[in-house]
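The values are calculated or read from the model by the stated rules, or taken from the named source; none is laboratory data. Bear in mind that the values here come from a model prediction, so they are computed numbers and not experimental data. Neighbour counts run over all protein chains shown; Cβ positions are idealised from the backbone, glycine included.
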There are 2 protein chains.
Amino acid sequence: MSKIDTKNRILDAAEVLFAERGFADTSLRLITSEADVNLASVNYHFGSKKELIQAVLDRYLSLFMPALDGRLQTLMAQDQLTLLQVFESFVEPLMKLSAVRANGPALFMQLLGRGYIDSQGHLRRFITTHYGATLHGITQAISKANPDLSPADLFWRLHFTLGTVVFTMASADALRDIAQADFGQQLDVEGLVRNVIPYLASGVGAPVESTRLSLVV
Amino acid sequence: MSKIDTKNRILDAAEVLFAERGFADTSLRLITSEADVNLASVNYHFGSKKELIQAVLDRYLSLFMPALDGRLQTLMAQDQLTLLQVFESFVEPLMKLSAVRANGPALFMQLLGRGYIDSQGHLRRFITTHYGATLHGITQAISKANPDLSPADLFWRLHFTLGTVVFTMASADALRDIAQADFGQQLDVEGLVRNVIPYLASGVGAPVESTRLSLVV
DNA sequence: GTCTATAATGGGATAGAC
DNA sequence: GTCTATCCCATTATAGAC
């Protein structure tokens, strides 16, 4: 096995620890000892812990977002599309993240969940400024698949969906252990993702009337 | 206004900060200065930061869980019940948490989300050991409302639901700000909860066949 | 029960030799 | 680029006077 450079050793160790323990609970000392590199090298290569976190996330985002973008554009060229199709278009870009490393898809989703909850809105801002076009493409595709949704409903349901996915992925390891112990079920990441898709599509496509009843003025 | 005792001053300050910033990012120094009590009093009254976190959560859990339990038992006495009814039975026990403090319902949901993601499974274990009977009642009610779900599907979809709710609530403040700015929409907590219910009910009730199609072997 | 003072630990970051 | 040594800061927790 060839020796990989220090920078990538740090990234590889950091993303696993960040995904498992969250950003705040992962010290640079832990990362560098796991990566078997010197403590000072993090600051040399990345400048600070915060910049390391961004680098870890962007290794995935810079692959995932353009791939998703392409998928969505293909989809939008169709006359008709369903919510199921929209959500299924996420799967392949996600699974291709195994190019970064074997369980890249799971790590990415876990990091996304951590990032959205941990730091107060840093990640949200980073994504909307850097990948705003792709995000807009998502809302357009869903709008086309379900034109009945008002912009406000669409906004909320997209965030419900995000919550479903990132929370599930953030606790995926624990949940799969339980499913294995209690039901003898073995799901890999793609199986888990495909398991959640009908739930998402059905939730996003739910009738809106009952929502309206309880709006507060 | 009457002077409340130190213990409750700590609890009141702690839960707000925990909900806003997460457990790891909230120091005892911040809590005690916000509560205007002495730093050492946390350890005197609660023993440790960890026990303070549990006390904060149990102030709500000890009210919410029995109330939900009663609701579910009433529901189970009916001949027929729908998923919407099951999820709507959560609303009143949740809203009654405003007895603890004005925005108790929102705080509780945010703390639940933080707890499930932050500490690696501590909260999950705490809830399953202390409130296992109520959790079992939830699965029974959903099973009765939708007998087609296999135990494994039910397990997954319940956790999808949990993810939807806690993630939404953990970022509720930011999301409501955005909804206000972009759509002029003002939702209070109950409005938000009732907004999410059709999504949940529809997701949990989604057909299971499409799930099966794409399971990976 | 409350306070001050301090212990003990672990964190991020950096200077400077190699 | 890498390493050691160290700075400086913040944390939790506690001892002991009041």
Taking the range A:98-107 only, how many residues are assigned to a helix (DSSP H, G or I) and either within 25 Å of B:A172 (Cβ to Cβ) or more than 11 Å from the chain's Cα centre (by Cα) (or both)? 2
What are the residues in the range B:161-206 that are of a type in the set (F, W, Y) and surrounded by 23 or more Cβ atoms within 10 Å (Cβ to Cβ), if any? B:F167, B:Y199
Matching residues in the range A:30-66 - criterion: being assigned to a loop (DSSP other than H, G, I, E, B) and more than 13 Å from DNA strand D (Cβ to nearest atom): A:S48
Checking B:D118 against (1) at pLDDT below 95; (2) farther than 26 Å from A:G113 by Cα, which test does it fail? (2)
Looking only at residues that are closer than 23 Å to A:V193 by Cβ and either free of Cβ contacts under 8 Å to residues at least 12 places away in the same chain or in a helix (DSSP H, G or I) (or both) in the range A:119-135, which one is nearest to the other protein chains (Cβ to nearest Cβ)? A:R124
Where B:A24 falls short, out of the listed (1) modelled with pLDDT of 95 or more; (2) farther than 22 Å from B:N103 by Cα: (1)
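Tally up the residues in the range B:3-29 that are of a type in the set (A, V, I, L, M), within 11 Å of DNA strand D (Cβ to nearest atom) and away from chain A (no Cβ under 14 Å), please. It would help to see each step written out before you state the result.
Residues of the range B:3-29 of a type in the set (A, V, I, L, M): B:4, B:10-11, B:13-14, B:16-17, B:19, B:24, B:28.
Those still in the list that are within 11 Å of DNA strand D (Cβ to nearest atom) too: B:14, B:17, B:24, B:28.
With the extra rule that they be away from chain A (no Cβ under 14 Å), the set shrinks to B:14, B:28.
Within the range B:3-29, residues that are of a type in the set (A, V, I, L, M), within 11 Å of DNA strand D (Cβ to nearest atom) and away from chain A (no Cβ under 14 Å) number 2.
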Looking at the structure I just gave you, is B:F23 touching a residue at least 24 places away in the same chain (Cβ under 8 Å) and either closer than 25 Å to B:A141 by Cβ or surrounded by fewer than 16 Cβ atoms within 10 Å (Cβ to Cβ) (or both)? no
Name the residues in the range B:1-33 that are more than 12 Å from DNA strand C (Cβ to nearest atom) and either over 21 Å from B:A170 (Cα atoms) or touching a strand residue (DSSP E or B) at 6+ places or on another chain (Cβ under 8 Å) (or both), would you? B:M1, B:S2
Does A:A152 satisfy the condition of being within 8 Å of chain B (Cβ to nearest Cβ) and in contact with a Lys or Arg (Cβ under 8 Å, 6 or more places away or on another chain)? no
Give me the pairs: first residue in the range A:179-190 and part of a helix (DSSP H, G or I), second residue surrounded by fewer than 15 Cβ atoms within 10 Å (Cβ to Cβ) and polar (S, T, N, Q), beta-carbon distance under 9 Å, and six or more apart or on different chains, which are they? A:A179/A:Q186; A:Q180/A:Q186; A:F183/B:S150
Is there a residue in the range A:140-149 that is polar (S, T, N, Q), more than 7 Å from every other protein chain (Cβ to nearest Cβ) and in contact (Cβ under 8 Å) with a residue 24 or more places away in the chain? yes
